[in-house]
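Working notes, beginning with the structure itself.
Please treat every number below as a calculation from the coordinates, not as lab data. Since this is a predicted model, take the numbers as computed values, not measurements. Virtual Cβ from ideal backbone geometry, glycine too; neighbours counted across all protein chains shown.
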Amino acid sequence: MQNRLDQKSLGVSKLNGGLGVAALVAVACVSMHSLIAHAQSNAGSPPTGPSVEASAAAFKTDGPVRVEIAAAEPQVVDPVALRFDVRGRMWVIEMRDYPTGPAPGEDFDGRIKVLTDNDSDGVFETATTFADGLVFPTGLQPWREGVIVTVAGKIQFMIDTDGDGRCDKTEVWFEGFSEDNEQLRANHPTLGPDGIVYVANGLRGGKVRSANAKWPVRDTAIDLSGKDFAFNPDGGFYGAVAGNSQFGLTIDDFGNRVGCSNRNPAIETLLTLNELADDRWSGPSDALHNISKVGPESKVVPIAKAWTTSHTHEGQFSAACGVTIGLGTALPEGWQNDLVVCEPTSYAVQRQQFVDSNEGRRAERIDAAGEMLASSDTWFRPVDTTVGPDGGLYIVDMCRAVIEHPAWAPTELKEREDERWGNARGRIWRLVGTNTSATKSVTVPSDVASWTEWLWHPNTWQRQMASQVLIDERSELLIPLLLDQLKVSTASLASSSRAGGDARAIALLARRGALTLEILSSFLEHASVELRCLVINQVRRINLNSRIDSLSQDQWLPRWLSDPSPRIRFAAIGLAGDWIYQSPTNADVGDIAKLIALTPHHVAMTPHLTKRLATLSPDVAAQVLIAYMDLDLPQPATTQSRDWVFQTARRAAWGDGFGDASSTTKDLESQRHAESEFVDANDARLADATFLTAGWCQGHLAARRSPSEQLSKLGRSIAAKWILLAKHQSIGIASDPAKPIALRMAAIDVVEGFELPRGDLYETLLTGNSASTLQLKVLPWLLKHHQETTLRWIAENVTGIDPELRLSVIEQMTRNDEMALTLLTWLESGSLPATFVSLSQADRLTQFKNDDVASRASEIFQAARKDRLSVIADYQRSLSGTADLANGKALFVQHCATCHRIGAVGVEVGPDISDSRTKTPASLLTAILDPSAAVDAGFLGYQVLLVDGVAHTGSLVSQSDQHVSLMLAGGDTKVFDRDDIDQLRSTGISLMPEGFERNLSIVQMRHLIGYLKGWRYLGQGETTLALDNL
């Protein structure tokens, strides 16, 4: 089946303007058409959407670029993903059943289209339906003579065996991917330079099994929770990989995978699941690094009113998708290393440039007034991007009034008519440089030598296709050709211009088993950081046993571990850890461990670098810590630098690494440190010893080993020296208010680990003016060993203690019969307001196994609301009828704006209620008339009584040993010195007073609730909102 697009009939040869990249996402993006009017009216036929000409006229670009049409309806309809094959044909996924499936009585009609530009004019005028009747297809990867496709719950391979352009054979390869939500499914299968296909998990993951004999069936399904998927299309390997991409996946020349999710526009992986798997304190998310600014830190500049699910997300990424790294040659010079990402809620595509980084890359939005591409047309819905054979950036535009799943829409918008407006629309746009004459046709190589040269082509697509073809190449000419090209590159190591091709050639040699240390050593001094990282990671994959000595003797590891680039150091630590593990008796182990230990002195200790060190094998982790503690350099003093000591010691102890490491060290008597230094150690060394020992204790306790018994096994080793020092000093450190809180917390871990006599230390920490983190640390032990005195103190101070501490106390009291009964006594006497008990805690008490607890709790919590429930019942009539939005706004300004904010109106003393539109009218009525029923602990009223008798009431902002801060009505923040405070207590009730019904009639309440629900519609011309059935 073919359709032809007549360029002249469109009236567009070249369309000037700018365009974007659209994304299929699970976050709401509502169009600017007066939605309520359309949702509540059946009049007239639905709009058909803008013409190609109208859409083009609405674009605005930043930079010397222009927009051209590459394909449009009817050739493409509801496109969501695009790839080019090795012949330059455009493959497009059409999700025609978006968002919730076909209409009643109709079949699924997801399609795969293959488009060609037969006259080389830049417009792909001929479309063939390769497959139809698909259930929510989400991505594809052309491979050999067919295509790998992600569809509902499956990965399948589809092929045309008879050459008629239609799929006539389908193989299901894998199944079990989540199908919970149409917009959160596996997508974007992408072939990497290593020959492995990677798949974004869609956030919902699944339990995946092989459905084809090429991949052996395993006893248990692969759990993709928080992980992406990968497999070898030739069979054998398949499994979970680090990553958690929602919709979009891009892989650069160096094999770096980058995904995205709504609030995270570019996410790369820095660690592998294997590195994290053996550490009980690590999870899949620890592998992820945000290249770009996320959520509230991000910035997106739309040129049309952008609607997001949450009002607080306006002007930020809320639906990021379709990320691409590495732009084409048809775009302006200097853009080729940039990344682009779609933001369909803002009708825009953003360009970002890479800047200096630590162990992970960092990209920032181009410093410009607008986005690379933005549209004032609210039907512009970019969802995917890719680089084409001509070097242009191709942008997939669903061209719809709405991209939003009804599951995230407020009630009044769940079944609106415009949900499916645009079902017959779809565009593929091309972005090129203003002065670029993009080649519309490309001659594909016909021999292995030409394909090999394409690995170093300046355009991204040619390099990708060369890798794809040469992965399957079996000619004996390939390896010599690759080696010849690499020799050309090694002649100019100072230039990075060939680095991408070099990386792809190295990946091909590795796949063929032809990669050697000699080849990799040629790139030791290469200017490209990315290529040197690739070299290090490839060395890790080579069997080191036969060449283990060369890594130290040839100075590979010393150079990499001392490299100015934190990214190189990060990769080198992983390699060095492997090397030490495989050669524990090598004479150079001590020097290499010391180089790793010097890391905190040369680079910032970020969470990812800390995790890299904390996931070394236990023996290696212990060696590194011993080397670190033996350094004569000034010790870094930041909390983060000490956190790596704690985590690495915990890891080493859990795997009993100190036992082996200590056995290889010299006896203490032969060390240069005299025993007197156990007492005279400076503050920095004592802090290091404390963090090391705290981690060491936690590691052994987690492994169900006694720290005291394990210390006796260390004899007089270096590790024992520092552990003994921390043990002897821990009580003093924990009790010293001048010490940093993090250090005092670590000291308490040491006290707990060795079960040291606590005296009155814990009581003092709880009852004094200690930080709440310290109070929380000692509370469980006190409740267990000194329950009566601890509960007595809490009862006397319950309204004045830190909210987090009070919540923890109540939480622990609801899990024990005796303490639960004490808690109920407090509630019955009124010494503890019922509002201090969270809804989940109240539910737990009313459902207690102890009948006495359950019955008393039910009576307490029902009685507390009896009066308010009566008032709420009286005001039920306000929930029906039509609300006047302007009247409601006036009432909000008069009665609510001094403590609440909606949009730009009001002050944030209480919670920002801009997202109140997602609440039901009934829940809003309850919140207004019974404000203390389910108030967040952060918005309970607090009263400060000063020594001069003056009282102030407001919301608690913060408190410390020295100060207390309250936000008062109107938004002013007032800071009080502890010395001036006679009493600090919580009122136990919401800042919003009960009795609000005295201010509003039933009709006025209807208007106010209507405004809270529909305030954003007021700005779009709506004046009323019907509350019935919302």
Kirkwood estimate for segment 39-157, i.e. one over the average of 1/r between Cα atoms, Å: 16.3 Å
Helix-only CD estimate at 222 nm, as mean residue ellipticity for the chain, using -39500 (n - 2.57) per DSSP H run (n ≥ 4): -10000 deg cm²/dmol
Along principal axes, Cα extents of segment 2-433, largest first, whole Å: 58, 52, 48
Farthest toward positive dipole pole in the chain [+1 Lys/Arg, -1 Asp/Glu at C-beta], among TRP173, TRP696, ALA719: TRP173
Point-to-point label distance, SER858-ALA514, nm (Cα→Cβ direction, 7 Å offset): 7.9 nm
Cleavage-rule hits (GluC sites (Glu not before Pro)) in segment 514-544: DSSP loop, at most 14 neighbouring Cβ within 10 angstrom: GLU525
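Nearest 0.05, what FRET efficiency do GLN812 and LYS207 give at R0 = 51 Å with Cβ-Cβ as r?
0.90
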Segment 754-847, dipole about Cα centre (Lys/Arg Cβ +1, Asp/Glu Cβ -1), debye to the nearest 20: 140 debye
In nm, spacing of pseudo-spin labels at LEU869 and ALA890 (7 Å Cα→C-beta vector): 3.7 nm
Total charge dipole magnitude, the chain, about the Cα centre, Cβ charges on Lys, Arg, Asp, Glu only, Debye to nearest 20: 400 debye
Spin-label model distance (nm) - THR312 vs ALA1026, 7 Å beyond Cα toward Cβ: 3.3 nm
Normalised contact order of the chain, rounded percent, pairs of Cα under 8 Å and 6 or more residues apart: 9 percent
Stretch gain in nm, segment SER522-LYS299, where the contour uses 0.36 nm per residue and the Cα spacing is subtracted: 76.1 nm
Cβ charges +1 (Lys, Arg) and -1 (Asp, Glu), total dipole of segment 2-433, debye: 320 debye
Those residues of segment 595-626 whose amide nitrogen sits under 17 Å from the label point placed on ASP356, 7 Å along Cα→Cβ: 601-606
Relative contact order for segment 2-433, counting Cα pairs under 8 Å that sit 6 or more residues apart, in percent: 23 percent
Options ALA684, LEU82, THR312, ranked by Cα towards positive dipole end of the chain, top entry (Cβ charges): LEU82
Tail weight of P(r) past 50 Å, computed on alpha-carbon pairs of the chain, percent: 35 percent
Of the DSSP H helices in the chain, those whose Cα atoms cover at least 30 Å axially and whose Kyte score averages 0.5 or more: none
Mean-position separation - Cα centroids, segment 489-505 and segment 317-379, in angstrom: 26 Å
